[in-house]
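The values are calculated or read from the model by the stated rules, or taken from the named source; none is laboratory data. Worth saying up front: this structure is predicted, and the values here are computed from it rather than measured. Please note: Cβ atoms are built from the backbone with ideal geometry, for glycine as well, and neighbour counts cover all protein chains shown. Ligands, DNA and RNA are stripped out before the accessible areas are found, and what is left, the full protein with its side chains, is counted by its heavy atoms. Shrake-Rupley method; radii C 1.70, N 1.55, O 1.52, S 1.80 Å.
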Amino acid sequence: MSAVSRGEFDGLRGRTAEREVRIYAEALSKQFQVKKKTVTALDNVSLTVHEGEFVSLVGPSGCGKTTLLRIIAGLETPTAGTLTMQHKNPQQPLNSMVFQEHAVFPWMTVRKNIAYGLKMRHVPKVTTEKIVNEYLVKIGLTKFADSYPHQLSGGMKQRVSVARAFANDPEILLMDEPFAALDEQNKLTLQQELVRIWEETRKTVVFITHSIDEAIFLSDRIVVMTAHPGRIRSTFQVDLPRPRKIEEVRSNPYFHDLFFEIWSQLKEEVHKARELEGIEGGA
Amino acid sequence: MQEQTAMEPITFVVRGTGVKGAGAGLSPASRHRLFGLAGPILLLVIWQLLVMTNILNPVFFPAPTQIVSEIVNNLTTGQLQGDVWVSIVRVFWGFLLGAIPGVILGLSMGLFPLVGAILDPLVAALMPIPKLALMPLIMVIFGLGETEKVVVLLLGVVFPVIINTAAGVRNLDRIYLDVAKNYNASTWQYYRSVAWPGALSMIFSGLRLGIGMALLLIVAAEMHGALSGIGYRLWYSYTMFNISGMYVSFVVLALLGFIFTMLLEEVEHLVMPWKRA
Ligand SMILES: Nc1ncnc2c1ncn2[C@@H]1O[C@H](COP(=O)(O)OP(=O)(O)OP(=O)(O)O)[C@@H](O)[C@H]1O
Ligand SMILES: [Mg+2]
């Protein structure tokens with residue numbers, strides 16, 4: 001069943017120009033009211049994400065990345081603007097999010113946590129077990145399947161959180177700094193694993209990260225956001241061939257050029273963010 | 001002030017201790033319990049010595065050995081078991097009939113803002129009334145019998161349980177609600193998979209407070225208009241000026257408190273396996 005649709009999918013990808021739009025955010029703004037003060041988290045953000053595209057958002061801390069992702073996930077409503085999304089197969093969940101904070105349930109075992117989405121939509125037990133076991137292997141936590149989160153390290157918990165989103169098999173994956181809490185070795189392993197899975201499944205992904213390396217290695221497109229309030233500053237197409245291998249990507253001269261170009265822009269925004277903080281702190 | 005002299009190097013040595021809690025020997029928990037026993041035993045020994053040397057007046061402070069022989073006496077006549085059983089049954093029903101509605105009300109107040117808005121002020125207003133003050137009224141309404149005792153107890157149990165349960169639901173980390181929403185949990189699934197397990201820890205604090213209240217109130221309730229139970233026996237001993245008899249009741253009450261708390265802890269472990277170390 002999925003093999004057929006994947007075939008069609010690849011056909012679509014061949015004609016990039018005609019790729020379907022899956023997420024269309026038009027002039028989104030979001031303001032928070034905090035004790036009579038209005039905080040503008042997002043200001044007039046427009047973003048288009050196509051079918052099967054891997055898009056990363058980078059930007060200084062506090063620029064509104066999480067807010068944008070939460071609006072796409074339907075957990076927050078925009079103050080202004082519109083968000084249009086395509087839900088192609090109602091049998092499949094539209095999106096699953098990997099949260100920035102530790103969001104695994106402390107009262108469920110690793111296995112139960114990974115199975116959460118499947119259980120919520122009443123997937124048969126046998127199927128669930130098969131999928132969960134698969135992901136336990138992928139994240140290297142088979143031995144901890146029946147442990148509770150408080151028995152795991154921070155990085156292990158984050159892996160559970162990633163597996164929970166993947167196991168749910170949504171049309172769109174939203175990931176908020178999923179690897180930020182991981183040690184370097186596990187990060188590299190999981191990045192490679194993510195690329196591998198993604199190249200197999202070609203899901204639509206919106207990915208937040210602070211790491212430019214990570215963004216380049218994973219993405220088709222990188223969106224740089226401005227410091228507070230968040231706007232979109234620029235977009236970079238990542239024309240690295242797939243399948244990607246970390247070693248190959250990192251040794252590619254194109255990688256370095258792109259890295260420095262993104263960094264030079266990001267640097268400005270980070271400085272701006274610091275200045276803003278300085279002003280606010282001084283007042 | 002000490003004068004700072006030339007720096008002496010200090011060497012720290014940290015030796016391996018083996019895996020804690022593994023292998024032979026006592027676990028830290030049981031070692032803790034063992035030390036916990038030392039305190040009361042020491043107290044009893046000192047008490048006994050003070051009575052034997054007549055520093056303590058044995059009329060008011062009968063020696064532990066005398067209390068033990070009094071307990072043995074009461075056991076052989078079967079009176080003690082009878083009283084304990086009657087009280088346990090009352091505490092059981094009072095606790096259960098207070099705890100169950102308490103949890104249900106607390107959960108609804110925490111989960112449904114409207115219910116919370118209606119009941120919060122009511123609970124806040126009723127809670128501070130000492131339940132003992134209500135006893136005469138309850139006695140008038142229900143007469144002197146088992147129902148009256150159970151009602152007094154359940155009134156004492158229900159409030160701490162309501163308040164803790166509601167707080168448990170309300171203080172749940174918002175992120176868990178977001179996860180449930182993101183994974184399309186239905187309302188019912190949210191209650192089952194997030195709200196209930198997330199609030200359990202607070203629910204059990206409420207239950208522990210409730211047990212304490214029940215034990216406090218059972219004594220008072222049985223002192224008036226009862227012909228059996230530990231509270232009754234305590235009052236009876238007083239009217240007979242049987243002071244060592246009073247001490248028997250104290251010992252039994254302490255034991256009951258200990259046993260109920262232990263039982264609750266066992267249940268908590270069973271219901272919340274993720275809390276176990
Ligand atoms: N619920 C909220 N209430 C009030 N202000 C909020 C809320 N959520 C976010 N903000 C504010 O909106 C701005 C953007 O926050 P957001 O979490 O989206 O940033 P971010 O880009 O994800 O940052 P980081 O990289 O540190 O995770 C911040 O100034 C933050 O203080
Ligand atoms: Mg964030």
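For this structure, a couple of remarks:
- Filtered residue count, segment B:114-143, keeping only those that are over 30 Å from B:Tyr176 (Cβ atoms), in a loop (DSSP other than H, G, I, E, B) and under 26 Å from the mean Cα position of the chain (by Cα): 3
- Top-ranked residue in segment B:217-245 [being outside any helix (DSSP H, G or I) and crowded, with 21+ Cβ neighbours inside 10 Å; ranked as farthest from the other protein chains (Cβ to nearest Cβ)]: B:Ala226
- Scanning segment A:168-197 for residues that are touching a strand residue (DSSP E or B) at 6+ places or on another chain (Cβ under 6 Å) and open to solvent by less than 10 Å² (accessible area, probe 1.4 Å) gives A:Asn168, A:Pro170, A:Ile172, A:Leu173, A:Leu174, A:Met175, A:Asp176, A:Pro178.
- Number of residues in segment A:26-81 that are of a type outside the set (Val, Ile, Thr), open to solvent by less than 40 Å² (accessible area, probe 1.4 Å), more than 10 Å from ligand 1 (Cβ to nearest atom) and within 14 Å of chain B (Cβ to nearest Cβ): the value is 2.
- Scan of segment A:174-185 for residues that are of a type in the set (Asp, Glu), more than 13 Å from every other protein chain (Cβ to nearest Cβ) and within 16 Å of ligand 2 (Cβ to nearest atom), ordered by number: A:Glu177
Matching residues to (1) on the phi > 0 side of the Ramachandran plot; (2) in contact with a Ser or Thr (Cβ under 6 Å, 6 or more places away or on another chain); (3) part of a loop (DSSP other than H, G, I, E, B); (4) among the basic types (Lys, Arg):
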| position | (1), (2), (3), (4) |
| --- | --- |
| B:Val157 | no, no, no, no |
| B:Leu177 | no, no, no, no |
| B:Lys181 | no, no, no, yes |
| B:Ala185 | no, no, yes, no |
| B:Leu215 | no, no, no, no |
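- Residue in segment B:197-207 that is of a type in the set (A, V, I, L, M, F, W, C), more than 14 Å from chain A (Cβ to nearest Cβ) and within 24 Å of B:Met262 (Cβ to Cβ) present: yes
- Qualifying residue in segment A:172-185 (condition: polar (S, T, N, Q) and under 26 Å from A:Leu266 (Cα atoms)): yes
- Scanning segment B:104-113 turns up one or more residues that are part of a helix (DSSP H, G or I), away from chain A (no Cβ under 14 Å) and loosely packed, with under 15 Cβ neighbours inside 10 Å.
- Hey, A:Thr84 more than 14 Å from ligand 2 (Cβ to nearest atom), open to solvent by 20 Å² or more (accessible area, probe 1.4 Å), without any contact (Cβ under 8 Å) to a residue 60 or more places away in the chain and over 15 Å from the mean Cα position of the chain (by Cα) or not: no
- Scan of segment B:166-196 for residues that are open to solvent by less than 10 Å² (accessible area, probe 1.4 Å) and within 12 Å of another protein chain (Cβ to nearest Cβ), ordered by number: B:Asp178, B:Val179, B:Ala180, B:Asn182, B:Tyr183, B:Val194, B:Ala195
- Listed by first and then second residue, the pairs linking a residue in segment A:129-148 that is under 17 Å from A:Phe105 (Cα atoms) to a residue that is surrounded by fewer than 19 Cβ atoms within 10 Å (Cβ to Cβ) and among the aliphatic types (A, V, I, L, M), with Cβ atoms under 9 Å apart and 6 or more places separating them unless they lie on different chains, are A:Val132/A:Ala145; A:Leu136/A:Ala145; A:Leu141/A:Leu152; A:Phe144/A:Leu152.
- Long-range neighbours under 8 Å by Cβ, at least six apart or interchain, first residue outside any helix (DSSP H, G or I) within segment B:256-277, second not hydrophobic (A, V, I, L, M, F, W, C): B:Met272/B:Pro197; B:Met272/B:Ser201; B:Arg276/B:His269; B:Ala277/B:Gly21
- Meeting the requirement of 1 or more residues that are over 30 Å from A:Arg233 (Cβ atoms), the helices (runs of 4 or more DSSP H) wholly within segment A:57-153 are A:110-114, A:116-120, A:125-138.
- Criterion applied to A:Phe105, A:Phe99 was being touching a helix residue (DSSP H, G or I) at 6+ places or on another chain (Cβ under 7 Å), among the aromatic types (Phe, Trp, Tyr) and more than 16 Å from ligand 1 (Cβ to nearest atom), and the one residue passing it is A:Phe105.
- Only one of the listed residues (B:Leu80, B:Leu56) is among the aliphatic types (A, V, I, L, M) and part of a loop (DSSP other than H, G, I, E, B). That residue is B:Leu56.
- Breaking point among (1) surrounded by 11 or more Cβ atoms within 10 Å (Cβ to Cβ); (2) at pLDDT below 90, for B:Ala29: (1)
- Pairs linking a residue in segment B:122-137 that is touching a residue at least 12 places away in the same chain (Cβ under 8 Å) to a residue that is not in a helix (DSSP H, G or I), with Cβ atoms under 8 Å and 6 or more positions apart or on different chains, are B:Met135/B:His224.
Listed here are the residues, each with its yes/no results for (1) farther than 28 Å from A:Ser29 by Cβ; (2) away from ligand 2 (no atom under 15 Å from the Cβ).
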position	(1), (2)
A:Ile172	no, yes
A:Leu190	yes, yes
A:Phe207	no, no
A:Ser211	no, no
A:Ile216	yes, yes
A:Ser219	no, yes
A:Arg244	yes, yes
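- Evaluation of A:Gln158 against (1) more than 16 Å from ligand 2 (Cβ to nearest atom); (2) open to solvent by less than 10 Å² (accessible area, probe 1.4 Å); (3) assigned to a helix (DSSP H, G or I) (one fails), failing number: (1)
Conditions tested, residue by residue: (1) of a type in the set (Ser, Thr, Tyr); (2) open to solvent by 40 Å² or more (accessible area, probe 1.4 Å); (3) more than 14 Å from every other protein chain (Cβ to nearest Cβ).
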| residue | (1), (2), (3) |
| --- | --- |
| A:Arg111 | no, yes, no |
| A:Ile114 | no, no, no |
| A:His122 | no, yes, no |
| A:Thr128 | yes, no, no |
| A:Glu134 | no, yes, yes |
| A:Gly140 | no, yes, yes |
| A:Ala145 | no, no, yes |
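- Just one of the numbered conditions (1) surrounded by fewer than 18 Cβ atoms within 10 Å (Cβ to Cβ); (2) over 28 Å from B:Pro40 (Cβ atoms); (3) touching a residue at least 24 places away in the same chain (Cβ under 8 Å); (4) touching a helix residue (DSSP H, G or I) at 6+ places or on another chain (Cβ under 6 Å) is not true of B:Phe142: (3).
- Failed item in (1) buried (at least 21 other Cβ atoms within 10 Å of the Cβ); (2) in contact with an Asp or Glu (Cβ under 6 Å, 6 or more places away or on another chain), with A:Leu94 passing the rest: (1)
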